[in-house]
1. Determine, yes or no, whether residue 84 is at pLDDT 80 or above and either on the phi > 0 side of the Ramachandran plot or of a type in the set (D, E, K, R) (or both).
2. In region 71-80, is there at least one residue being surrounded by 14 or more Cβ atoms within 10 Å (Cβ to Cβ), at pLDDT below 80, of a type in the set (A, V, I, L, M, F, W, C) and in the same structural domain as residue 131 (by TED's automatic domain parsing)?
3. Determine the pairs where a residue that is surrounded by fewer than 15 Cβ atoms within 10 Å (Cβ to Cβ), located within region 126-147, has a partner that is in a loop (DSSP other than H, G, I, E, B) and not charged (D, E, K, R) with Cβ atoms under 7 Å apart, the partner being 6 or more residues away or on another chain.
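The values are calculated or read from the model by the stated rules, or taken from the named source; none is laboratory data. Predicted, not measured: the structure shown is a model, and the values here were computed from it. We place every Cβ from the backbone using ideal geometry, glycine too, and count neighbours over all the protein chains shown.
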Amino acid sequence: MSSSFSNSLRGGRSRKFKAEINVVPYIDVMMVLLVIFMVAAPLTNPNVINLPTAGKSTLPPAEYIEVVVKPDASFDISIKGKKDSTEQAETMSSRNALLKKLKEIHESNGALPVLIAGDKDIKYDEVIQIISEAKKIGIHRVGLATK
């Protein structure tokens, strides 16, 4: 009996343990997160402008130049009103391109006011800079759109 006991202590037949990480639970969690993000992605609409609310506001003029400031720092510019309901909004990626187009529209339609629809999640400075540049161009009537 002592010989079998001493044989096991000397390492006659030893077991080696293998250290492994079981990654199956991590893969399951990642698959669940992937499905959640795939389902939630179509629910967000990036083209919707979230206008801030104000108490009492007046109606916009019959015809005006609309500048839409989107949360992704792009701009849309279009003429809204009675006579040109077919005109599409032009998308600009920089403020300089927007101001150039605004100047062109103002030169051809000098009496039209400008209405700025800025998303409530953008920087306040963006809207102020557009108002300031519009005043420098010579546009005297600049308003802000609200809900």
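1. On the way: at pLDDT 80 or above: no; either on the phi > 0 side of the Ramachandran plot or of a type in the set (D, E, K, R) (or both): yes.
Criteria not met by residue 84.
2. no
3. Final answer for the pair search is 141/113; 146/51; 146/52; 146/53; 146/54; 146/57; 147/51; 147/53.
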